[in-house]
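Here the structure is laid out as structure tokens; the discussion comes afterwards.
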Amino acid sequence: MDFQSLIQDIAIGALPVLFAITLHEAAHGYVARYFGDMTAYQQGRISLNPLRHIDPVGTILLPILMYILSHGSFLFGWAKPVPVNFGALRHPKQDMLWVALAGPAANLFMALFWGIWIKVALMSPEGYYANPLMEMAQLGVKINVVLMVLNLLPLPPLDGGRIAVSLLPHKMAIKLAGIEPYGMFILIGLAITPVLGWVLTPPIVWMITLINFIFGF
């Protein structure tokens, strides 16, 4: 991959990536505030300013390195997690479900949003703006679907892990929650093997196919 191609890819991908992580994290904070936890609000994390959610390593350095090393076929990273004090929620175990679901729901919303822009690009005459818009919108759908599916894995501290903790009986929930300190190491281990791809690919393909069907692509 030459330097010019890399810069073009970053220029096209920057907006979808920043929107995806910003809305995902801000949604967690907003729903947590709704259910009684003011932590994210007090720290200024219920914000659409991407700078408040960017992790220098997880959001910038690692994704670029992974993208270069995989020749553009693989992207992996994370944002700075929004702080949530689950003990401050009015009903901690039950409300945790909605706080955790907020992030993937935001990504689903964004995937549909970018689907609309694919439709706009298809209806526009080919030219200077239509082609980059199409590439950006297609990437926006893909990034948000990948983030949604990835975060729904039942592995703490991912959103799916917290959803599972909220839904499981108390004893099982405690055991699953105990995995959280090691969750990111497990996820990174899976990411550097084919296992994560095997698990994520079917639901990602299914979701993108569904979005294509909804918009008639």
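The values are calculated or read from the model by the stated rules, or taken from the named source; none is laboratory data. Not measured: the values here are computed from a predicted model. Here the Cβ positions follow ideal geometry from the backbone for every residue, glycine too, while neighbour counts run over all protein chains shown.
Overview of values
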{"item": "Check on Pro203, more than 23 Å from Val120 (Cα to Cα) and surrounded by 13 or more Cβ atoms within 10 Å (Cβ to Cβ)", "result": "yes"}
{"item": "Qualifying position, being surrounded by 18 or more Cβ atoms within 10 Å (Cβ to Cβ), out of contact with any strand residue (DSSP E or B) (no Cβ under 9 Å at 6 or more places or on another chain), polar (S, T, N, Q) and modelled with pLDDT of 80 or more, among Asn107, Asn49", "result": "Asn107"}
{"item": "Some residue of region 173-182 being aromatic (Phe, Trp, Tyr), loosely packed, with under 12 Cβ neighbours inside 10 Å and out of contact with any Gly (no Cβ under 9 Å at 6 or more places or on another chain)", "result": "no"}
{"item": "Within region 61-94, considering residues that are among the aliphatic types (A, V, I, L, M) and assigned to a loop (DSSP other than H, G, I, E, B), the one modelled with the lowest pLDDT", "result": "Leu75"}
{"item": "Which numbered condition Gly197 misses (of (1) touching a helix residue (DSSP H, G or I) at 6+ places or on another chain (Cβ under 9 Å); (2) at pLDDT below 95; (3) surrounded by 14 or more Cβ atoms within 10 Å (Cβ to Cβ))", "result": "(3)"}
{"item": "Condition met for Ile211 (closer than 16 Å to Leu147 by Cβ and at pLDDT 90 or above)", "result": "yes"}
{"item": "Subset of region 29-46 [touching a Gly at 6+ places or on another chain (Cβ under 6 Å) and surrounded by fewer than 24 Cβ atoms within 10 Å (Cβ to Cβ)]", "result": "Arg45, Ile46"}
{"item": "Index of the failed condition, Ile118 passing every other in (1) closer than 29 Å to Val31 by Cα; (2) at pLDDT 90 or above; (3) within 20 Å of the chain's Cα centre (by Cα)", "result": "(1)"}
